[in-house]
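J.: Quick one: the structure is below, questions incoming.
The values are calculated or read from the model by the stated rules, or taken from the named source; none is laboratory data. All figures in this text were calculated on a predicted structure; none of them were measured in a lab. Glycine gets a Cβ as well: all are built from the backbone with ideal geometry, and neighbour counts include every protein chain shown. Note: areas computed on protein heavy atoms with side chains; ligands, DNA, RNA excluded. Shrake-Rupley method; radii C 1.70, N 1.55, O 1.52, S 1.80 Å.
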Amino acid sequence: MHDVRCWGAVITFAGMLVTGAAQEPTPESIFETRLKPIFDSPNPSSCVQCHLSAVDLKDYILPSSRETFLSLREQGLIDTERPGESKILHLISMGDSDPDALARRIHAKNRKAEYDAFSYWIVACCQDQDLLSARPSVGNQKAGPSHSDDLIRHTRKDRVLDSFVRNVWSQRMRCFPCHTPGELDADNPMHQKPIERHRDFVKQYGARMNLFKETPWETMRSLVASSRIVGSEQKRKGTVLPLINLKNPTLSLLIQKPTAKLPPKTSEGKIGEPSSQIPVSHMGGIKMHKGDQSYKAWLHWLEDYAASVSGGYESDDELPEDNWYPTQHVVRIKGVPESWPNLATVQVFVHRWDEKTDRWADEPIAFTQSLVTPRKIVNGSLFVLAKSEQRDQLDPAGVTLEPCKVQIRLFLDHDNTLAESPTRLLNNRDPDATSVFDAVFGIGFKNADVIETLEIP
């Protein structure tokens, strides 16, 4: 017995009922088969391609299809008139424009699956008149990350790379020539000896000597990858420190090495082998002191990276200002009081004279940090302080300051505060000394602004 009717009618075969045309999948069925697996997966979404933490595609999925749609629509993340142009789809596809080709390839398959699932579901929802006319219930859960937009932007890889360039990459010449092969020029007669030295070290210790790659991005990616490998080995063997130590940034090899001394001599009187475990020793000897600005900048990036990648930031109040821009301007301050201990840490803040208000500007335009030398001198390279809204005003070819009348304010680390919080700024109190002068802001140590005398309150 059989019964064949028109399109959409019931067809009977041997007592079985089968629809003549396949039913269109409902938003609920698509949600269960396409979106729910994303939510239930233990693996991170493709968001990790651009974000270190604070956001995951799972955040945008609520327990039910209806709740998810209504919440995303109310937030403007779904465009009911043009479903294919919905903002949530744009957010998912942002990884397509990532300049990192390797990251694009790694996450392409996962990203496409997520995009297709959301796109298919959104189109189905926008064809459901009941959903289109529905309003979210009072107290309905909001789909999306729990963190603010500022915190999410702060943990983006491009923001972290920008900070790396300013705080670490800008200071890479401290590691010349042993760890900077890209800075060696075979056509430069002055580089012949450094090239030989670098070659000898690579032959002795391997390619790990090439710490700084051709670009900042390649360098940061290499540091991160190396730290993951060494970190797992350290857990197993308890030996070598990782280049980036997420649990204790101050114990990152990246900053332990340049602040470490030469290896102790052997019984034969020769320099021993360098150590990458505590106590760390460095074949290049000390390249930066814990009290100077380079140390502060490197540790600033390490601490911020560690907090960003591990979800250590819970609120906007915890975010660092992240507004330090290195310059080649140097200040050389003489006449430091004899009472200031040798090797004491001093922070120097530069305030511009404001012609409009006829007073010193409240906010400093630059600062540096250095140590008191035995000759009672403080030398430091300035870092411009520029808030996010001021960054577009900076010279892209290199941060420079225009000559102007300034007041410098010096803050002595009386209580050894920086030993516990190395990245802290001390200018939340009255200065220990000041000086007023017309700053030239020349380039390099030879053209430093020299301050001969200080006023002590």
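J.: Given a 1.4 Å probe, how much area per residue of segment 326-391 is accessible, in Å²? Write out the running numbers ahead of the final one.
T.: Values: 3140 Å² over 66 residues.
With the other protein chains kept in place, segment 326-391 gives 48 Å² per residue.
J.: With charges set only on the Cβ (+1 for Lys and Arg, -1 for Asp and Glu), what does the dipole of segment 82-156 come to about its Cα centre, in debye to the nearest 20?
T.: Working: 11 positive and 10 negative charges, 30 e Å.
Dipole size: approximately 140 debye.
J.: Still on this model: Carbon and sulfur atoms: what percent of the 1.4 Å accessible area of the chain do they account for?
T.: On the way: 13070 of 25300 Å².
Ligands and nucleic acids excluded, carbon and sulfur give 52 percent.
J.: Cβ under 12 Å from Thr180's Cβ, Thr180 left aside: what net charge do those residues give with Lys, Arg +1 and Asp, Glu -1? Mind showing how you got there, number by number?
T.: Numbers: positive: Arg172, Arg174, Arg197, Lys213, Lys287; negative: Glu183, Asp185, Glu214.
Every neighbour counted, the sum reads +2.
J.: May I pose another question? Does segment 160-284 classify as rounded, prolate or oblate by the C-alpha gyration tensor (a ≥ b ≥ c root eigenvalues; a/c under 1.5 gives rounded; else a/b over b/c gives prolate, otherwise oblate)? Intermediate values should be presented prior to the final figure.
T.: Values: a/c = 1.93, a/b = 1.07, b/c = 1.80.
Since a/c reaches 1.5 but b/c is at least a/b, the shape of segment 160-284 is classed as oblate.
J.: Using mean Cβ contacts within 10 Å as the protection proxy, how do 108-114, 331-337, 428-434 order, highest first? Please list the in-between numbers first.
T.: Numbers: 108-114: 16.9, 331-337: 18.6, 428-434: 14.9.
Sorting 108-114, 331-337, 428-434 by mean packing, highest first, produces 331-337, 108-114, 428-434.
J.: Relative to the Cα centre, what is the charge dipole magnitude of segment 404-443, using +1 at the beta carbon of each Lys and Arg, -1 at the beta carbon of each Asp and Glu, and rounding to the nearest 20 debye?
T.: On the way: 4 positive and 6 negative charges, 39 e Å.
Value, rounded to 20: 180 debye.
J.: Return the lysines within reach of Lys290: Cα separation strictly under 18 angstrom, same-chain partners fewer than 8 residues apart disregarded; answer none if there are no such residues.
T.: Here the lysines satisfying the reach criterion relative to Lys290 are Lys257, Lys261.
J.: At 222 nm, what helix-only mean residue ellipticity would the chain give, in deg cm²/dmol to the nearest 500, using -39500 (n - 2.57) for each DSSP H run of four or more? Each step should come with its number before you reach the end.
T.: Details: 13 runs with 135 residues, N = 457.
Mean residue ellipticity at 222 nm (helix-derived): -9000 deg cm²/dmol.
J.: Now, a different point. Can you give the local net charge around Glu420? Use residues other than it whose beta-carbon is closer than 14 angstrom to its beta-carbon, Lys and Arg +1, Asp and Glu -1. Walk me through the intermediate numbers first.
T.: On the way: positive: Lys290, Lys296, Arg424; negative: Glu303, Asp413, Asp415.
Neighbour charge sum, excluding Glu420 itself: 0.
J.: I'm a student and want to see the number: the projected area of the Cα convex hull of the chain, averaged over all directions, in nm².
T.: Details: hull surface 139.5 nm².
The orientation-averaged projected area of the Cα hull of the chain comes to 34.9 nm².
J.: By average Cβ neighbour count within 10 Å, what is the ranking of 418-424, 138-144 from highest down? Could the numbers behind the result be given before it?
T.: Values: 418-424: 14.1, 138-144: 12.6.
So the order, starting with the most tightly packed, is 418-424, 138-144.
J.: Give the shape of segment 154-233 as rounded, prolate or oblate, defined through the alpha-carbon gyration tensor: a ≥ b ≥ c are the square roots of its eigenvalues, a/c under 1.5 means rounded, and otherwise the shape is prolate if a/b is larger than b/c and oblate if not.
T.: Details: a/c = 3.22, a/b = 1.50, b/c = 2.14.
Oblate, because a/c is 1.5 or more while a/b does not exceed b/c.
J.: Tally Lys/Arg at +1 and Asp/Glu at -1 over every other residue whose Cβ is under 11 Å from the Cβ of Ile61; what's the total? Don't skip to the answer; put the middle values down first.
T.: Working: positive: Arg34, Lys36, Lys58; negative: Asp40, Asp56, Asp59, Glu67, Glu114.
Once all neighbours under 11 Å are counted, the net charge is -2.
J.: Given a 1.4 Å probe, how much area per residue of segment 399-450 is accessible, in Å²? Present the calculation step by step, with values, prior to reporting the outcome.
T.: On the way: 2920 Å² over 52 residues.
It amounts to 56 Å² per residue over segment 399-450.
J.: So what's the convex hull volume per residue for the Cα atoms of segment 59-199, in Å³?
T.: Numbers: hull volume 21.7 nm³, N = 141.
Dividing the Cα hull volume of segment 59-199 by its residues yields 154 Å³.
J.: Moving to a separate point now. Roll a 1.4 Å probe over the protein chains and send me the accessible area per residue for segment 129-284 in Å². Write out the running numbers ahead of the final one.
T.: On the way: 9120 Å² over 156 residues.
I get 58 Å² per residue for this part.
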